[in-house]
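The values are calculated or read from the model by the stated rules, or taken from the named source; none is laboratory data. Every value quoted in this text rests on a predicted model; they were computed, and no experiment measured them. Cβ coordinates were reconstructed from backbone atoms using ideal geometry, including for glycine residues, and neighbour counts include every protein chain displayed. Surface accessibility is based on the protein's heavy atoms, side chains included, excluding ligands, DNA and RNA. Shrake-Rupley method; radii C 1.70, N 1.55, O 1.52, S 1.80 Å.
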Amino acid sequence: MSEQLRRTAGDVVHSVRLWHIWTRLGLLDLRMRFRRSAVGPGWVFLNLSVLVVAIGFIYANLLGQDAHYFIPYLTAGMILWSYLTNSIVEGGNAFVNCEGYIKQISLPIYIYILRSFVSVGLTAGITVFAFVIVGLFYRLPVSGGTLLALPGLLVVMTASLLLITIFAHLNTRFRDIAHMATVLLQVLFYATPVIFPAEALLRRRPDLSFVITLNPMFHLIEVVRHPLLTGAPPPIQSYIAAGLILLVLGVCAAGVIAVFQRRIVFAL
Amino acid sequence: MARIHLENVDLEFHVGAERQDTLNSVLAHGFGLRRRRREPRTVKALQSISVSIRAGERVGLIGHNGAGKSTLLKVMAGIYPPHRGHVAVEGHVCPLFEFVTGFEMEATGWENIRTRALLLGMMPKEIERKIESIAKFSNLGDFLDIPVRHYSSGMYVRLAFATSTAVDPQILLLDEVMAAGDVEFIECARERMNDLMERASLVVFATHSLDVLPRFCERTILLRQGRIVADGPTAEVVRLYTEGRPVREPTLADATRGV
């Protein structure tokens, strides 16, 4: 057993070292996804922009929000939300989509997780341009504090990698997981302060604050969004929560790797 | 030094519930539904396999369909971890198993060459050096510029074969690869395969072509229902195989019972 575990750990290390393979595969994913479209990766960008304009217009009025604050809030939230949910939904197919490779090529399977990490990350990266445009348009304050978004980004990227790891394994074994996650995430979306500012809910119904404080997605988004918008560090609770989330995800990821090990090939 | 060493390797396939209907219909053909009380859950694909192959050896692998040839190759390649037993493989493994899967459908022929070559262990520089000759051998010409989604099955084989055989393997694991492609291609392929087998320091070759086997392999292993029943000089083992052909093919029931 311990020998198996040692091999698995070796596989993980070996996978990381094969970066020249998984970065290329991830890039290829992006190119292929938009091969036959005229606008190409621009669609990711357009998709987000249209949503932001539509939701932004309606909700800013509905909730009586100032567009100068709300539109950048919405844009940053949407980008981070899609990044995390794509990690779950697309990450769930990381192994399934690579069945042809896994069954005939003797490379450690974790390169396919890293491939998915790259392609999901690049897709999210495209949408960052939307935020830059929004930020310039509304003249978002830029200061040294804005840089505090970087450690937050590191947290979110780590969460993405761990989520992909967890869901790639689970969804290979139980193919309903990705579908189930899609449904649950849809519900969670409306409970997460993305299309409404957290303060809007807290001001009206302070008793419902648990909806926000217990929502892991909120904290993961907040550690990036808050410094981006305000140039100030996010509340310490969000850092603590984000740390706890990473810890839990890390344990789960290590858990699924240890449980499935190299046997994932039998589930394909 | 290249080396493959397997000790008491067992490998099982767990047959999922979703396949039961199909299995039932297969079994019903064999010997009537009523006699089966329980659904088969585990297929013993390999049982107590012990084999040692050293550098310089070229070993043939023969047996009926479902005897475990491909599974054994995949264990040697490190794709299937055994359920019991010990596997030690030293040297860079190049598996050539099937040429019809493992493509990026939306990507062009060129991109697929690069991807496959990377996955088979070539470095980017080596790929750029070899890509022209790979393209030339594949004989796909302008088709390399379009997504492989539009390819015919023969074209997949050409592409995959041309790429896969461009590697410099230490350990070469081959699984009956001359399956598709037109006559002209098969002729070229055979030559290239010979060349590849010359270059590799250790070859294991699963095949049904008993006539070509003696040319390539001095040693042959005969598998039956997941067990090694003979391992020795090719001529002897092939004779044993052709003379000792059982009247009926092994059934799934045999495999699950573990005989």
Could you list, in sequence order, all residues of segment A:146-158 that are among the small types (Gly, Ala, Ser) and in contact with a Phe, Trp or Tyr (Cβ under 9 Å, 6 or more places away or on another chain)? A:Gly152
Do we have A:Ala9 as closer than 30 Å to A:Tyr110 by Cβ and away from chain B (no Cβ under 13 Å) here? yes
With criteria (1) open to solvent by less than 20 Å² (accessible area, probe 1.4 Å); (2) within 18 Å of the chain's Cα centre (by Cα); (3) among the hydrophobic types (A, V, I, L, M, F, W, C); (4) within 27 Å of A:Phe266 (Cβ to Cβ), A:Ile21 comes up short on (2)
Can you name every residue in segment B:137-154 that is under 12 Å from B:Val100 (Cα atoms), buried (at least 17 other Cβ atoms within 10 Å of the Cβ) and away from chain A (no Cβ under 14 Å)? B:Tyr151
Boolean, B:Val167 is of a type in the set (Val, Ile, Thr), open to solvent by less than 10 Å² (accessible area, probe 1.4 Å) and not in a helix (DSSP H, G or I): yes
Odd one out for B:Glu106 among (1) open to solvent by 30 Å² or more (accessible area, probe 1.4 Å); (2) over 16 Å from B:Leu174 (Cα atoms); (3) more than 7 Å from chain A (Cβ to nearest Cβ); (4) not hydroxyl-bearing (Ser, Thr, Tyr): (3)
Select from segment B:93-103 the residues that are more than 7 Å from every other protein chain (Cβ to nearest Cβ) and surrounded by fewer than 17 Cβ atoms within 10 Å (Cβ to Cβ) and list them in ascending order. B:Val100
Of everything in segment A:191-221, what is in contact (Cβ under 8 Å) with a residue 60 or more places away in the chain and either in a helix (DSSP H, G or I) or farther than 28 Å from A:Ser143 by Cβ (or both)? Give them in sequence order. A:Ala200, A:Met217, A:Leu220, A:Ile221
Tally up the residues in segment A:59-78 that are at pLDDT below 90 and either on the phi > 0 side of the Ramachandran plot or β-branched (Val, Ile, Thr) (or both), please. 1
Somewhere in segment A:161-168, is a residue in a helix (DSSP H, G or I), open to solvent by 100 Å² or more (accessible area, probe 1.4 Å) and either in contact (Cβ under 8 Å) with a residue 12 or more places away in the chain or in contact with a strand residue (DSSP E or B) (Cβ under 6 Å, 6 or more places away or on another chain) (or both)? no
Test: residue in segment A:29-47 that is among the basic types (Lys, Arg) and modelled with pLDDT of 90 or more: no
Residues of segment A:24-46 being part of a helix (DSSP H, G or I) and exposed (fewer than 15 other Cβ atoms within 10 Å of the Cβ), in sequence order, are A:Leu27, A:Gly42, A:Trp43, A:Leu46
Here is a check on your reading of the model: is A:Ala241 away from chain B (no Cβ under 14 Å), farther than 22 Å from A:Val118 by Cα and not acidic (Asp, Glu)? yes
Apart from one, (1) part of a helix (DSSP H, G or I); (2) touching a helix residue (DSSP H, G or I) at 6+ places or on another chain (Cβ under 7 Å); (3) open to solvent by 20 Å² or more (accessible area, probe 1.4 Å) all hold for A:Ala149; the odd one out is (3)
Looking at (1) open to solvent by 50 Å² or more (accessible area, probe 1.4 Å); (2) within 25 Å of A:Met32 (Cα to Cα), can you tell me which one A:His68 breaks? (2)
Kindly provide the set of residues from segment A:50-66 that are outside any loop (DSSP other than H, G, I, E, B) and not polar (S, T, N, Q), ordered by number. A:Val50, A:Leu51, A:Val52, A:Val53, A:Ala54, A:Ile55, A:Gly56, A:Phe57, A:Ile58, A:Tyr59, A:Ala60, A:Leu62
Restricted to segment A:1-18, and to residues that are open to solvent by 40 Å² or more (accessible area, probe 1.4 Å) and of a type in the set (Val, Ile, Thr), which residue is farthest from the chain's Cα centre (by Cα)? A:Val13
Limited to segment A:232-256, what total is found for residues that are out of contact with any His (no Cβ under 6 Å at 6 or more places or on another chain), open to solvent by less than 80 Å² (accessible area, probe 1.4 Å), of a type outside the set (A, V, I, L, M, F, W, C) and assigned to a helix (DSSP H, G or I)? 4
Taking B:Pro40 as meeting all but one of (1) modelled with pLDDT of 90 or more; (2) closer than 28 Å to A:Phe174 by Cα, write down the number of the exception. (1)
Take A:Ser106 and decide whether it is of a type in the set (Ser, Thr, Tyr), buried (at least 18 other Cβ atoms within 10 Å of the Cβ) and not in a helix (DSSP H, G or I). yes
